[in-house]
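Remarks on the structure that follows.
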Amino acid sequence: GAPSISQLNDPTIFTPNTPVFDFATGQTVLVTRIDGGNPNLSADNRQVWRAGFNLKPWSETDLRFSSTWTWSLTEDAIAAFPTLTPDLEAALPGRFTRDLGGNLVSFDARPLNFERFERQDIRSGFNYSRAFGTPTPAAAPLPGAPGGARPPGGPERVEIRGGGGGGPMMRMGGGGRGGGMQPGQGRFNISVYHTWRLQDEILIADGLPVLDLLDGAATGARGGSPRHEIQAQGGVFRNGMGAFVNANWRDGTRVDGGTGPDINFSDQATVNLNVFIDLNSQTDWVAKFPWLKGARVNLGVQNLFDSRPEVTSGAGDVPLNYQPDYLDPQGRVVSLTFRKILF
């Protein structure tokens with residue numbers, strides 16, 4: 001995996017008065033943060049092993065269980081660290097500058113090559129999908145057709161994407177015995193998956209201690225890696241209208257403060273909602289307002305319940321740069337999108 005152009009060539013930027021929590025003093029301080037590219041980055045090398053199973057107990061029911069174990073090793077891993085921890089400072093002293101009094105003055109957050117990342121996890125869950133509603137007469141068996149034949153075009157299919165860009169996507173409809181959706185019918189889908197992280201370790205360089213992201217180490221502003229995470233998705237679609245919900249829960253984590261206080265991150269659950277209508281499927285509306293042909297409206301709500309991360313230090317207070325509005329300045333986001341295809 002080659003480094004990106006921005007990782008290599010972004011200009012060096014010095015941002016003064018950046019608030020960071022200094023574990024050495026247990027205080028939030030204002031420092032100069034250095035960002036930009038690193039022309040000396042090397043490409044990383046990735047190895048991945050997977051083993052698992054998929055189980056469909058009943059041929060006439062679209063219910064599937066699966067479980068997958070994944071082990072991955074990335075050598076010369078490209079990483080940046082937007083947070084400061086005692087482990088990182090001990091491993092990369094050249095990236096941190098302190099004055100004669102021991103006060104943190106600046107840190108260099110430009111990307112670099114770590115020796116390796118090593119991760120293992122098990123992801124298990126189920127997916128259930130079912131068509132509902134009475135097919136339209138056009139979907140009834142054709143005269144003389146053995147076993148009943150569908151009209152040309154086959155089952156309807158739809159893709160529902162989560163809002164906010166890059167969100168998860170659900171596909172509903174399509175073929176498969178017991179899984180087809182005939183014209184006039186709708187479809188609903190539900191899936192729940194649990195991820196159990198067995199290993200998430202970083203070695204910055206040979207001879208240095210291994211950083212365990214599941215036990216006190218961190219390289220991101222949201223703390224270490226959660227040992228347990230649950231993702232749930234549900235959706236329903238019929239006649240060009242539908243709704244899609246996805247929820248995510250992640251276990252709490254902590255950052256080992258060394259000689260200073262630990263930072264504790266609570267568990268967090270977020271829910272996203274999308275409701276859409278394909279106006280092209282509403283023939284009465286299109287007949288009355290022809291300009292609606294090829295149009296689609298989507299209402300999206302990210303972080304429906306305005307969930308914010310809760311962070312406390314071992315001293316019982318909330319460091320400034322770990323306050324909820326710093327970690328998630330947007331919170332709940334509501335968007336309304338109108339899209340039209342021009343013919």
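The values are calculated or read from the model by the stated rules, or taken from the named source; none is laboratory data. Predicted model, so just to flag it, every value in this text is computed and none were measured. Heads up, the Cβs are rebuilt from the backbone with ideal geometry, glycines too, and the neighbour counts pull from every protein chain shown. For the accessible areas, the whole protein counts, side chains as well, though only heavy atoms, and no ligand, DNA or RNA atoms are used. Shrake-Rupley method; radii C 1.70, N 1.55, O 1.52, S 1.80 Å.
Each residue of segment 48-145 gets 231 Å³ once the volume of the Cα convex hull is shared out per residue. Between Val105 and Ser281, the modelled labels are 6.3 nm apart [label points 7 Å from Cα along Cα→Cβ].
Note on exposure: Phe53, Phe265 ranked by accessible area (1.4 Å probe, complete protein assembly) read Phe53, Phe265, with the most exposed listed first.
All other residues with a Cβ under 9 Å from the Cβ of Asp10 taken together, and with Lys, Arg as +1 and Asp, Glu as -1, what is their net charge? Spell out each step's value before the answer.
On the way: positive: Arg110; negative: Asp35.
That works out to 0.
Annotation for segment 2-44 versus segment 256-293: alpha-carbon center distance of 31 Å. Per-residue surface analysis assigns Trp196 an accessible area of about 110 Å², computed on protein heavy atoms at 1.4 Å probe radius. Pairs of Cα atoms nearer than 8 Å and 6+ residues apart set the relative contact order; for segment 1-128 it is 29 percent.
Diagonalise the Cα gyration tensor of segment 189-307 and give the resulting equivalent ellipsoid semi-axes, square root of 5 times each eigenvalue, largest first, whole Å. Could the numbers behind the result be given before it?
On the way: eigenvalues 420, 36, 36 Å².
Largest first, segment 189-307 gives 46, 13, 13 Å.
Going by the alpha-carbon gyration tensor, a ≥ b ≥ c the square roots of its eigenvalues, is the chain rounded (a/c under 1.5) or, if a/c is not under 1.5, prolate (a/b greater than b/c) versus oblate?
On the way: a/c = 2.52, a/b = 2.04, b/c = 1.23.
Taking the square roots of the gyration eigenvalues as a ≥ b ≥ c, the chain is prolate.
Annotation for Gln199 and Thr15: the two label points, set 7 Å from Cα along the Cα-Cβ direction, are 3.5 nm apart.
In the chain, Cα pairs under 8 Å separated by at least six residues give a relative contact order of 14 percent. Counting only heavy atoms of the protein chains and using a 1.4 Å probe, Thr74 has close to 20 Å² of accessible surface.
Ligands, DNA and RNA excluded, the heavy atoms of Ser4 present near 50 Å² of accessible surface to a 1.4 Å solvent probe.
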